[in-house]
Amino acid sequence: MECQRKGVDAIPANRREALGRGLYLLRFPTMAQEDFCLEVVPSDILTQTEIISIFMNLCIGNEMR
């Protein structure tokens, strides 16, 4: 909706910019793996590095710490 309000296409880069710092408040590691895979990853809002980091957290959690 923010992209629409600003009159820009809702492409991943514009959606990420519209989310701004709020993107970092989203608790992706608390999501179900299936939801993350099917909803978040295809949205292309996250970088590949961010996706890998979240997948690692989802798969092994704090076991490596």
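Of everything in the range 49-64, what is surrounded by 13 or more Cβ atoms within 10 Å (Cβ to Cβ), β-branched (Val, Ile, Thr) and more than 8 Å from the chain's Cα centre (by Cα)? Give them in sequence order.
Passing the criteria: only Ile54.
When only residues in the range 1-39 that are among the acidic types (Asp, Glu) and part of a helix (DSSP H, G or I) count, which is surrounded by the fewest Cβ atoms within 10 Å (Cβ to Cβ)?
The initial filter retains those residues of the range 1-39 that are among the acidic types (Asp, Glu), namely 2, 9, 17, 34-35, 39.
Next, from what is left, pick out any that are part of a helix (DSSP H, G or I): 2, 17, 34-35, 39.
Details: Glu2: 14, Glu17: 14, Glu34: 8, Asp35: 10, Glu39: 11.
Checking each candidate, the answer is Glu34.
If a residue must be part of a helix (DSSP H, G or I) and either of a type in the set (Asp, Glu) or more than 24 Å from Ala10 (Cβ to Cβ) (or both), how many such residues does the range 40-65 contain?
Residues of the range 40-65 that are part of a helix (DSSP H, G or I), as a first pass: 40-43, 48-60.
Filter again for either of a type in the set (Asp, Glu) or more than 24 Å from Ala10 (Cβ to Cβ) (or both), leaving 50, 52-53, 55-60.
Number of matching residues: 9.
In this structure, is Leu46 loosely packed, with under 11 Cβ neighbours inside 10 Å and aliphatic (A, V, I, L, M)?
Values: loosely packed, with under 11 Cβ neighbours inside 10 Å: no; aliphatic (A, V, I, L, M): yes.
Spelling it out, it is not the case that Leu46 is loosely packed, with under 11 Cβ neighbours inside 10 Å and aliphatic (A, V, I, L, M).
No value in this document is a laboratory result; all are computed from the given coordinates. The shown structure was predicted, so the numbers you read here are calculated from the model rather than taken from an experiment. In this analysis, Cβ positions are derived from the backbone assuming ideal geometry, glycine residues included, and neighbour counts consider all displayed protein chains.
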